[in-house]
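Novice: Before anything else, here's the structure in question.
The values are calculated or read from the model by the stated rules, or taken from the named source; none is laboratory data. Remember, it's a predicted structure, so these values are computed and weren't measured experimentally. Cβ placement follows ideal geometry from the backbone for every residue including glycine, while neighbour counts extend to all protein chains displayed. For the accessible areas, the whole protein counts, side chains as well, though only heavy atoms, and no ligand, DNA or RNA atoms are used. Shrake-Rupley method; radii C 1.70, N 1.55, O 1.52, S 1.80 Å.
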Amino acid sequence: MSSTFAIDLGNENCVVGVPGRGGVNIIRNQASQRLTPSMVAFDESRRFAGIDAQTQQMQNPKGTITNLKRLVGLKYNDPEREIVQSLVFADLVELEDGYIGIRVDYHGEKIVLRVEQCIALMLLECSKIAEIENASSKDCVIVVSPWWHEVQRRAILDAASVAGFKVLQLLNYTTAAAIAYAMGHTNKLPKEKENAINVAIIDFGDSSMNVSISQIYKGSVEVKGFTSDPHLGGSHFSTALQELLLPRVIEKYHINPRTSPRAMLRFRAAVEKTKKVLSINSITRFEVPCLMNDIDVSLEVKREDFDAKIVDLVA
C-alpha cells in the first residue's frame, strides 16, 4: 500500500500517480485510461466526476461543469470569465465575495456551488483511481500551474480540505516535469554540481503554456526560472478552428449549433478531432452526423486555412 499519491490537475484531464520502483506509476482509471476528464456533473439525484461525468454530458450539458482549472480563483467581473462561460454550459453566477459560483439543479432544487466544492469532488474521484493501486492514503501531492497566485493555490488547498485530504505539497508543473526528467535520465546526469546540465522544460497544456530552465545533476533539480502564458493552450487553437468552421456551417446548412448545447458539444468534439487530423494532413473532412434537425454536416477543411486563422497564436 502506497503512503501517498499525486494528482496532476489539468484543465482538460487529470492524471493520478503513485510512487513506483525508480519513478512514478501513472494509474489507469476505471475505463483503463491514464487520462481522466476534469469535469463534474449534477442531475436531479446524483453527482458525477471524471469518466462518469463525461459519459452523461450529452444528456445533461447544463449540469456538467468543465474548465474547472480556469475557474479557480477567478473573479466574476474578470474578462476571462466571459471566455470560460462561452465554453461552459452551466450557469456561472457572482458570489458575495466577487468570485464565481456555479448554479446547478440537484435533488429537485437549484443550488449554487463554489468552484472549490467542484474541485473537491474531482479530487475524490482521483482518490478512487489511486485506490485501484491500493494507494488509499489521504496524503497527496497536487501539481498546479507555476503562474498561479496565492488565492488560486489556497483554493486548491481548501478543495483538498473539503475532500478530506492532507496536501503534502503543491508542486508546479515545471518542477514536476524537471524531476521526472531527472528520474528518467539518471545514467546521463553528471554527479557534480559543477557539471550540472541546463534543461528547458516546455509544458503546453489545454489552457496555458509554461517554460522553465532547470539546472540538473544526479540527485538534484533546481529550477532557475520560468515564464508562462496563461492564455495560450490547445483549447485556444480549437476555438480558432471552431470560429473558422461555424460560419461555414451556418451559411451552407442554415443551422446554428450555438442554439443547442447538445449540438454544440458534438460540434466541438468534431472540431477537436479535425484539429488533430490537420496536424499531419494538409486536407481533411469535417463531419458531424445529425448535428441538428437530422442534418448531416460535411465540409472540406484545408490546413492552409487553419494556419491563416492561427497566425497570432503561432507567433
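Yes or no, residue by residue, for (1) assigned to a helix (DSSP H, G or I); (2) open to solvent by less than 60 Å² (accessible area, probe 1.4 Å):
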| residue | (1), (2) |
| --- | --- |
| 123 | yes, yes |
| 133 | no, no |
| 140 | no, yes |
| 153 | yes, yes |
| 167 | no, yes |
| 175 | yes, yes |
| 178 | yes, yes |
| 200 | no, no |
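Novice: Hey, could you check the stretch 268-283 for residues that are closer than 13 Å to residue 245 by Cα and of a type in the set (Val, Ile, Thr) and say which is surrounded by the most Cβ atoms within 10 Å (Cβ to Cβ)?
Specialist: Taking the candidates together, the pick is 274.
Novice: For the stretch 41-49, state whether one or more residues are buried (at least 18 other Cβ atoms within 10 Å of the Cβ) and not in a strand (DSSP E or B).
Specialist: There is no residue in the stretch 41-49 that is buried (at least 18 other Cβ atoms within 10 Å of the Cβ) and not in a strand (DSSP E or B).
Novice: Answer yes if at least one residue in the stretch 294-313 is in contact with a His (Cβ under 8 Å, 6 or more places away or on another chain) and modelled with pLDDT under 95, and no otherwise.
Specialist: Yes, the conditions are met somewhere in the stretch 294-313.
Novice: Find the helices (runs of 4 or more DSSP H) located wholly in the stretch 212-315 whose residues include 2 or more that are under 23 Å from the mean Cα position of the chain (by Cα), and list them. Give the derivation first.
Specialist: Working: elements: 234-253, 261-278, 303-309, 311-314.
Of the helices (runs of 4 or more DSSP H) lying wholly inside the stretch 212-315, those with at least 2 residues that are under 23 Å from the mean Cα position of the chain (by Cα) span 234-253, 261-278, 311-314.
Novice: State yes or no: is residue 238 buried (at least 18 other Cβ atoms within 10 Å of the Cβ), without any contact (Cβ under 8 Å) to a residue 40 or more places away in the chain, under 25 Å from residue 69 (Cβ atoms) and of a type in the set (Ser, Thr, Tyr)?
Specialist: yes
Novice: Give the residue that is farthest from residue 143 (Cα to Cα), with candidates limited to residues of the stretch 3-38 that are open to solvent by less than 20 Å² (accessible area, probe 1.4 Å) and not in a strand (DSSP E or B).
Specialist: Only one residue fits best here, namely 29.
Novice: Consider residue 83 against the criteria (1) of a type in the set (A, V, I, L, M); (2) open to solvent by less than 10 Å² (accessible area, probe 1.4 Å); (3) within 16 Å of the chain's Cα centre (by Cα): it satisfies all of them except one. Which criterion is unmet?
Specialist: For residue 83, the failing item is (2).
Novice: How many residues are loosely packed, with under 14 Cβ neighbours inside 10 Å and either in contact (Cβ under 8 Å) with a residue 60 or more places away in the chain or not acidic (Asp, Glu) (or both) when one looks only at the stretch 241-255?
Specialist: 5
Novice: Among (1) open to solvent by 50 Å² or more (accessible area, probe 1.4 Å); (2) under 21 Å from residue 210 (Cβ atoms); (3) assigned to a helix (DSSP H, G or I), which single condition is residue 147 missing?
Specialist: (3)
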